[in-house]
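Since every read-out is calculated from the coordinates, none of them should be taken as a lab result. Just so it is clear, the structure is predicted and the values come from calculations on it, not from any experiment. Here the Cβ positions follow ideal geometry from the backbone for every residue, glycine too, while neighbour counts run over all protein chains shown.
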Amino acid sequence: MWGFFLINFKMKYARLTLEQFEELHEEFSLFLASQSIDKKKWDELKSQNSNIVAEEMDLFSDMVWDRTLEKVEYLENLSENHLFLFKRQKKFIDLILIKSKENSPSLTSEGAWQWLIENIMHSSVTIFQSSKAIDGDFKVAIFGLIKNGASIAKADRFEQIKSFISK
């Protein structure tokens, strides 16, 4: 009966990795129990109906992503010469992009943050600010940034740079 409800399910995000499922095995068991699926039934489904198994895993994955993305306020994406800092607002995402010249220290190296703070106004550092309106579900926009290499971050870097450039 429960498989009938999943027939039109389309994922919003991406299936969790095996490692993530292992970390969340208790929550996944509770999720399955809420679907009236015990261990015996789950093992039976795994051997007989891979489509339902995949749908249940996808549904759980979306549920986990939804809860996680709901709480995300800051993201960052770091490379050798670029630092993208993002802050989620209600209807848009703020971006601060910091670019260092090729001959500057790598932004991924140890001590790079201190170097950046000390040289934020130097000609070897360029700062760009922008905001982008979020059309639709902000969680999908945040997930897109994560898929493209951003990671969930704390407020300190974004807010520290914002305070420097607001002066």
Computed, not fitted: 222 nm per-residue ellipticity of the chain from DSSP H runs ≥ 4 (each -39500 (n - 2.57)), nearest 500, equal to -14500 deg cm²/dmol
Note on the range 13-71: C-alpha Rg/Rh, Kirkwood Rh, two decimals, gives 0.97
The ³J(HN,Hα) series, computed from each phi in the range 17-22 with the Karplus coefficients 6.51, -1.76 and 1.60 at θ = phi - 60°, rounded to the nearest Hz and given as x for glycine or proline, is 6, 4, 4, 5, 4, 5
In nm, the gap between the two label points placed 7 Å beyond Cα toward Cβ at GLU159 and ASP94 is 1.1 nm
re the chain: pairs of Cα atoms spaced beyond 26 Å account for a percent value of 46 percent
Listed residues PHE86, PHE143, PHE60; largest mean-square fluctuation, Gaussian network over the chain with Cα springs below 10 Å, found at PHE60
Residues of the range 89-106 with backbone N under 20 Å of the label point set 7 Å from the Cα of GLU73 along Cα→Cβ are 89-97
Reduced to Cα centres, the span from the range 27-64 to the range 93-151 in Å works out to 39 Å
1/(1 + (r/R0)^6) with r = Cβ-Cβ of GLU80 and ASP137, R0 = 35 Å, i.e. FRET efficiency to nearest 0.05, evaluates to 0.60
